[in-house]
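Every number in this text was worked out from the coordinates using simple rules, so none of it is lab data. The shown structure was predicted, so the numbers you read here are calculated from the model rather than taken from an experiment. Counting neighbours? That spans all protein chains shown, and the Cβs are built from the backbone with ideal geometry, glycine included.
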Amino acid sequence: MTQKLRIGKIATLLAMLDEQERASYQSIVPDVQICEGKVGSMDMQKVISAVETAVKRSKLIQEGVYRETHALYHAILEGLEGVTRGQWAIGEMMRTVGLRFAVVRGNPYVNPEEGEWIAVAFYGTIGAPIKGLEHEAVGLGVNHI
């Protein structure tokens with residue numbers, strides 16, 4: 001049961017690339033489903049909602065299937081834990097985020113019985129809500145569907 005596809009690596013790379021850089025890498029993205037977007041907020045729930053909304057609109061998950069929504073939710077939280085350095089708070093701590101995100105769905109294992117997995121990657125800035133006082137941050141969450 002070795003890995004054949006690094007969905008977390010793909011998600012992280014895509015989240016870190018801007019639109020111009022992304023065009024150069026389009027040909028190396030394997031057969032996976034992808035959703036990308038941006039979000040900026042001092043409200044953690046708005047960040048979570050932005051990712052969930054984008055993923056559902058792109059039909060990356062089946063909205064009425066609980067296990068898919070549940071897997072996405074946990075991957076988002078795991079990714080945000082990296083961005084917030086383990087402190088799941090932004091506005092409450094006078095921090096704001098400006099993030100690009102990428103969500104990748106695929107089969108990372110050779111054995112098809114392992115099923116599909118979902119990876120959520122964030123890249124951007126976090127810091128005081130004062131322009132210029134933020135720093136880079138990255139987070140990745142991977143969960144089985």
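Key figures
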item	result
Loop GluC sites (Glu not before Pro), the range 74-145 (other Cβ atoms within 10 Å of the site Cβ: 14 or fewer; DSSP)	none
Ranked packing of 63-72, 101-110, most packed first, by mean Cβ within 10 Å	101-110, 63-72
Lysines with Cα under 29 Å of Lys131, excluding same-chain neighbours fewer than 8 positions away	Lys38, Lys46
All aspartates and glutamates inside 13 Å of Lys59 as judged from Cα atoms, apart from same-chain residues fewer than 8 positions distant	Glu36, Glu68
Virtual spin-label span in nm between Glu114 and Val138, 7 Å along Cα→Cβ	2.2
Karplus (6.51, -1.76, 1.60) ³J(HN,Hα), θ = phi - 60°, over the range 133-145, in Hz, Gly and Pro reported as x	9, 9, 9, 5, 8, 9, x, 9, x, 10, 9, 7, 9
Projected area averaged over orientations for the chain, convex hull of C-alpha atoms, nm²	8.9
Val29/Met94 FRET efficiency (R0 35 Å; Cβ-Cβ; nearest 0.05)	0.40
Distance in nm between pseudo-label sites at Lys4 and Val65 (7 Å out along the Cβ direction from Cα)	1.9
